[in-house]
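The values are calculated or read from the model by the stated rules, or taken from the named source; none is laboratory data. Note that the structure is predicted; figures quoted are calculated from it, not measured. For neighbour counting, all protein chains shown are included, and Cβ atoms are generated from backbone atoms with ideal geometry for every residue, glycine included.
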């Protein structure tokens, strides 16, 4: 999915992605099918429908979040996944759709919000890339909530320890997937080897890291949020990038997407 074309990219204090005037309808049309796939692939959904003489709507009702705060958080994470997968497409990055592994539809997925990675060449090198993304949403008024600073704080947690925990969790999840009927064993083996390249950097050598703190805010709050002061962790240094995504009527946007997923 290519969605960067719907945004104007600029830089003031932070890098800004502002949804273009007149592009909202087309932008939102792009999302439901891709968001659905982030929760369950079509083949598994069809298998559930067949096995239980069910319907797509009934099966998705057990998978998609219903609580507003979880819908909001998932919307921001998945949007970040697609935005930066496209932004770094020259580096051929990809990452897991970890929302498929949620234990409860109305609980946030664990660990780092989004991980993207790529390996350049047959042998590990410093050019191998790991991108950690922390996403925060602000769709409704809350003067005490600072999404930009909170995203920065989350990126620091990723830097200190959460990435290591996330990689171990992803390795286990890929191995769990191998136990399923007709599992793509070759792909899962590759996924595990890719993850272990980053887990065992003391064996395979150092790699490049990027940390992205993303605040997705309603356009109504954009100026106010940018004016707020922020503090940056010294330990991450220049590897941290702060991005603010502005969308008008953000709450209505994510509600519209989740409403349309079952009929997409």
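Observations on the model:
- Residue check, residue 237 out of contact with any strand residue (DSSP E or B) (no Cβ under 9 Å at 6 or more places or on another chain) and within 30 Å of residue 8 (Cα to Cα): yes
- Restricting attention to region 116-128 and to residues that are assigned to a loop (DSSP other than H, G, I, E, B) and buried (at least 18 other Cβ atoms within 10 Å of the Cβ), the residue that is modelled with the highest pLDDT turns out to be 128.
- Among all positions in region 235-245, there is at least one residue which is under 30 Å from residue 26 (Cβ atoms) and surrounded by fewer than 19 Cβ atoms within 10 Å (Cβ to Cβ).
- Scanning region 89-115 for residues that are outside any loop (DSSP other than H, G, I, E, B), crowded, with 19+ Cβ neighbours inside 10 Å and without any contact (Cβ under 8 Å) to a residue 40 or more places away in the chain yields a single hit, 114.
- Hey, residue 40 under 30 Å from residue 181 (Cβ atoms) and either out of contact with any strand residue (DSSP E or B) (no Cβ under 8 Å at 6 or more places or on another chain) or surrounded by fewer than 20 Cβ atoms within 10 Å (Cβ to Cβ) (or both) or not: yes
Let's see how each residue does on (1) in a helix (DSSP H, G or I); (2) at pLDDT 95 or above; (3) surrounded by fewer than 22 Cβ atoms within 10 Å (Cβ to Cβ):
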residue	(1), (2), (3)
134	no, yes, no
137	no, yes, no
142	no, no, yes
150	yes, yes, yes
157	yes, no, yes
171	yes, yes, yes
180	no, no, yes
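- Scanning region 188-234 for residues that are in contact with a strand residue (DSSP E or B) (Cβ under 9 Å, 6 or more places away or on another chain), surrounded by 15 or more Cβ atoms within 10 Å (Cβ to Cβ) and either part of a helix (DSSP H, G or I) or on the phi > 0 side of the Ramachandran plot (or both) yields 194, 195, 197, 198, 221, 222, 225, 226.
- Filter pass, residue 131 being in contact (Cβ under 8 Å) with a residue 60 or more places away in the chain, under 15 Å from the mean Cα position of the chain (by Cα) and within 20 Å of residue 75 (Cβ to Cβ): yes
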